[in-house]
1. Just give me the residues in the range 227-268 being in contact (Cβ under 8 Å) with a residue 40 or more places away in the chain, farther than 17 Å from Thr198 by Cα and within 16 Å of the ligand (Cβ to nearest atom), in sequence order.
2. Do we have any residue at all in the range 66-76 that's of a type in the set (Lys, Arg) and either surrounded by fewer than 20 Cβ atoms within 10 Å (Cβ to Cβ) or more than 16 Å from the ligand (Cβ to nearest atom) (or both)?
3. Quick one: is Ala185 open to solvent by 20 Å² or more (accessible area, probe 1.4 Å), in a loop (DSSP other than H, G, I, E, B) and away from the ligand (no atom under 16 Å from the Cβ)?
4. Inside the range 226-267, can you point out the residues that are open to solvent by 20 Å² or more (accessible area, probe 1.4 Å), within 18 Å of Gly184 (Cα to Cα) and hydrophobic (A, V, I, L, M, F, W, C)?
5. What number of residues in the range 32-59 are open to solvent by 40 Å² or more (accessible area, probe 1.4 Å), without any contact (Cβ under 8 Å) to a residue 60 or more places away in the chain and within 16 Å of the ligand (Cβ to nearest atom)?
6. Write out, first by first residue and then by second, each pair whose Cβ atoms fall under 6 Å of each other, whose residues are 6+ apart or on separate chains, and whose first residue, in the range 9-21, is surrounded by fewer than 19 Cβ atoms within 10 Å (Cβ to Cβ) while the second is assigned to a loop (DSSP other than H, G, I, E, B).
Amino acid sequence: MSLQQLIETAYAMVADDKGLLAMDESTPTCHKRFAKLNIPQTEEFRRDYRELLVTTPGLNEAISGAILYDETIRQQTKDGKPFVQVLQEAGIIPGIKVDKSTTSLAGFPGEKITEGLDGLRERLAEYVQLGARFAKWRAVITIGEGTPSTGCLEANAHLLARYASLCQEAGLVPIVEPEVLMDGAHTLQRCFEVTEQTLRLVFAQLAAQRVLLEGMILKPNMIVPGLQCPNQNSVEDVADATVSCFRRVVPVAVPGVAFLSGGQSSELASERLNMMNTKYKTKVPWALSFSFARAIQQPGMEIWGGDSANVAAAQKSMYHRASCNRSARRGEYSAEMESATA
Ligand code: 13P
């Protein structure tokens, strides 16, 4: 895999105002979401649900790539076609989550570190064989009393950079995801400060580990107030703060910033992305895109509820949310788009 191919894949992931569908929930996370909707937490239902996602009619109109999970990249439709092939035939690039989730960081109460570097080179080689062209690693940063600590930020940034470097060696585009969580009562300003500090350290480590910025995608949080913060800022405040923070710290060479949704409502995630693109699309060097899991999947998962009779209605919802976010990339999303299909 040449560097040029790596760069082409990274640009293809954010091309044409499309975005990424994150469908890489680990089995425990998937089960947590199923449990809330009384969906049986079994391998069969996980497979059925993922088939519903990858076979959504028209998904490729708004989605450029899908992030799979170790179980999912090996699964097939009921008719025996590998999910990877279904995606490839639709022109959707398959990707893979390669971190092994978070654990407590020793010596730093309340803070997390992501695992998965051991044996990663070998796992990446297998994922390439299975058809993946990009990968994802998520670091989790918690805002709290006295956190995040510099020790936690540095350790996570270093791991993200080591992971990214291994991906590029294997010919995979790394999605670098340092997620500053929305949990808590902190203000938008505090989220700004923590995200800025996080991204500074991440890009310093990416440089130190010789990661090619043109061949990666950044997957960050938006700059938002904590979910319990009494002052919930306007959509425009969030868009302004997010772009202003990233202008300070995200190098021009990075092809795209693909936001996670992080527990915002589907509509709010679309509104905020739309506002960023309305005001700044032509004024920033990187694509302002999306890599949503919950903000695309949640309404459709609720409609499905584990019942095969609801597959078509759930797929309609998945298609709708993906389309809304493509419109948001163009600054053409509006509340009427929601009522039109309600
Ligand atoms: P959410 O959009 O639900 O935050 O998920 C994105 C993701 O991939 C988290 O790692």
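The values are calculated or read from the model by the stated rules, or taken from the named source; none is laboratory data. In this text, all values refer to a predicted model and were calculated from it rather than measured experimentally. With ideal geometry, Cβ positions are generated from the backbone for all residues, glycine too; neighbour counts draw on all protein chains shown. Just the protein is used for accessible areas: all its heavy atoms, side chains included, with ligands, DNA and RNA removed. Shrake-Rupley method; radii C 1.70, N 1.55, O 1.52, S 1.80 Å.
1. Once the filter is applied, which keeps residues that are in contact (Cβ under 8 Å) with a residue 40 or more places away in the chain, farther than 17 Å from Thr198 by Cα and within 16 Å of the ligand (Cβ to nearest atom), the range 227-268 yields Leu227, Val238, Gly256, Gly263, Gln264, Ser266, Glu267.
2. yes
3. yes
4. Leu227
5. Adding up the residues that qualify gives 2.
6. Close Cβ pairs (under 6 Å, with a partner that is assigned to a loop (DSSP other than H, G, I, E, B)) amount to Tyr11/Pro255.
Yes/no matrix, rows are residues, columns are (1) in a loop (DSSP other than H, G, I, E, B); (2) surrounded by 22 or more Cβ atoms within 10 Å (Cβ to Cβ); (3) hydrophobic (A, V, I, L, M, F, W, C):
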site: Leu288; (1), (2), (3): no, yes, yes
site: Gln297; (1), (2), (3): no, yes, no
site: Glu302; (1), (2), (3): no, no, no
site: Ala309; (1), (2), (3): no, no, yes
site: Gln315; (1), (2), (3): no, no, no
site: Tyr319; (1), (2), (3): no, no, no
